[in-house]
Each structure stands twice: as structure tokens, then as C-alpha cells.
Amino acid sequence: MRQRLEKIINDINEHFSSAWILLSDTTIWLSNHPKLFPHYETSLREWRRLLETNRGDMQVISEVRKELAELRKALRLQGYNLKLGSLDLKLEGFRNDDCLSRGFSRCVIYIMVDGDVLYTTGTANHLDLDETIDARLNAMGYRPVLMKHYLWYKWVNRVLILSGSATETVEDFEELKQYVAENKAHLLKKLSKL
């Protein structure tokens, strides 16, 4: 009897946890799509409230999961890719070589005029990495570059942190901030394997 009760409790906890994960992933994905987020903000708040106030009510938890699944299905049918839902991207100022000891790595990112994003990483300095990606780009044939960025990166709990290096100018970093504000989901998709 006790084992059966423990199994039921574990099933409830797992179901409740997966509803929270689904809500969290959906919220993160929508927050990366500022044009869509306002349309769903009220629903997200209501689902969060329902989960918080009905922790043991399997019927409420199932209903929230069902509604979230329907929303995600509708977004996929509109052509959106929700697989990156639990990932995020943050820009955090400038760092120097000391950040290597805190787990950061170097990268150079080229944002192309056609919207493509090319990048390279490594232990060489940023200028050497720039030469590597430039050579790769030349081998592919001429493609106009919209902007180049010399950055430090690190993944922390599925959040990609990008910081400017000494090679990155303040003006270029401000330009990157503007680009991220308008194209965060696209850039995160391109950099998800960084």
C-alpha cells in the first residue's frame, strides 16, 4: 500500500513538474518573440497562477498542460520553431582575458547582409580568429558582411552570455545590442551550438 501511495505521489510530482517545464519553455520562447509575447502574456500569468494554487489537483494541472500543448501546436502550425524555447541569450558588457578563468571562451561572429550568421571559436586571440573566419568566407565566395563582433561567450543554465572583448568597439557592441533586440531568436538559433 505504501509503495503504491509513493508511486502516485511521484506521478503527481512528475506531471506537475513537466507542466512547469512546459510553461517555462513556452514563456522563454515567447519572451524572445516580442511581437507575439503581448498576445499571450495574460494566459501565461493565468497558467502560472493555476499551477501555483493547485499543486495537487491533477485535473487542473492536466488542463494547463493541454492548453499549453495546444498553444505550442498552433505556433508550430504558423511556422515557428519552439525547440529553442528553453534557451536564452544575454549581452553583458565587456570582459578581458581574466574571464577565461571563469569559463568564458573567445568567438568572432559575422552577421551577413542576407541574414546568415557565421562564427568561429578557439583559443587564439580575436584577431587571429577573425582571419580564420575571413579565410573561410573568402573560400565560399564573396558575401557582404553586415557586422563583425569580437566576443567572449559562456553558457550558463541554457543562457548564452555574450560580452565584448578588447577588440570590440563600444559602438559595435551597441550595434549588436540593437540587432539582438530585433533578432534575438534568429541569432540564438544560429549560435545554439556555440
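The values are calculated or read from the model by the stated rules, or taken from the named source; none is laboratory data. Since this is a predicted model, take the numbers as computed values, not measurements. We place every Cβ from the backbone using ideal geometry, glycine too, and count neighbours over all the protein chains shown. Remember, those area values only see protein heavy atoms, side chains included, never the ligands or the DNA or RNA. Shrake-Rupley method; radii C 1.70, N 1.55, O 1.52, S 1.80 Å.
In the range 141-169, what residues are without any contact (Cβ under 8 Å) to a residue 60 or more places away in the chain, hydrophobic (A, V, I, L, M, F, W, C) and out of contact with any strand residue (DSSP E or B) (no Cβ under 6 Å at 6 or more places or on another chain)?
Going residue by residue through the range 141-169, those that are without any contact (Cβ under 8 Å) to a residue 60 or more places away in the chain are 141-157, 167, 169.
Filter again for hydrophobic (A, V, I, L, M, F, W, C), leaving 145-147, 151-152, 155-156.
Answer for the range 141-169, where residues must be without any contact (Cβ under 8 Å) to a residue 60 or more places away in the chain, hydrophobic (A, V, I, L, M, F, W, C) and out of contact with any strand residue (DSSP E or B) (no Cβ under 6 Å at 6 or more places or on another chain): W155, V156.
Is it the case that the range 130-142 has a residue that's part of a strand (DSSP E or B) and at pLDDT below 95?
Filtering the range 130-142 for residues part of a strand (DSSP E or B) gives none.
There is no residue in the range 130-142 that is part of a strand (DSSP E or B) and at pLDDT below 95.
Can you name the number of the only condition in (1) at pLDDT 90 or above; (2) outside any helix (DSSP H, G or I) that L71 fails?
(2)
Can you work out which of the residues in the range 170-188 that are in contact (Cβ under 8 Å) with a residue 12 or more places away in the chain and among the charged types (D, E, K, R) is nearest to L82 (Cα to Cα)?
K184
If S62 satisfies all but one of (1) modelled with pLDDT under 90; (2) assigned to a helix (DSSP H, G or I); (3) closer than 19 Å to I161 by Cα, what's the number of the condition it fails?
(3)
Consider the range 7-45. How many of its residues are modelled with pLDDT of 90 or more, under 15 Å from E70 (Cα atoms) and of a type in the set (S, T, Y)?
The number of residues fulfilling the criteria is 2.
Can you give me the number of residues within the range 154-194 that are part of a loop (DSSP other than H, G, I, E, B) and either open to solvent by 20 Å² or more (accessible area, probe 1.4 Å) or under 22 Å from L36 (Cα atoms) (or both)?
To start, the set of residues in the range 154-194 that are part of a loop (DSSP other than H, G, I, E, B) comprises 157-158, 165-169, 192-194.
Restricting the remaining residues to those that are either open to solvent by 20 Å² or more (accessible area, probe 1.4 Å) or under 22 Å from L36 (Cα atoms) (or both) gives 157-158, 166-167, 169, 192-194.
Residues in the range 154-194 being part of a loop (DSSP other than H, G, I, E, B) and either open to solvent by 20 Å² or more (accessible area, probe 1.4 Å) or under 22 Å from L36 (Cα atoms) (or both): 8 in total.
If only one of I61, I111 is in the same structural domain as T169 (by the TED database) and surrounded by 18 or more Cβ atoms within 10 Å (Cβ to Cβ), which one is it?
Residue meeting the stated conditions: I111.
Pull up the range 46-58, narrow it to residues that are at pLDDT 90 or above and either surrounded by fewer than 15 Cβ atoms within 10 Å (Cβ to Cβ) or hydrophobic (A, V, I, L, M, F, W, C) (or both), then point me to the one that is nearest to T26 (Cα to Cα).
Result: W47.
It is to be established whether one or more residues within the range 106-128 are farther than 13 Å from Y153 by Cα and assigned to a helix (DSSP H, G or I).
As a first pass, look at the range 106-128 and keep what is farther than 13 Å from Y153 by Cα: 110-118, 124-125, 127-128.
Now narrow it down to the ones that are assigned to a helix (DSSP H, G or I): 127-128.
Yes, the range 106-128 contains a residue that is farther than 13 Å from Y153 by Cα and assigned to a helix (DSSP H, G or I).
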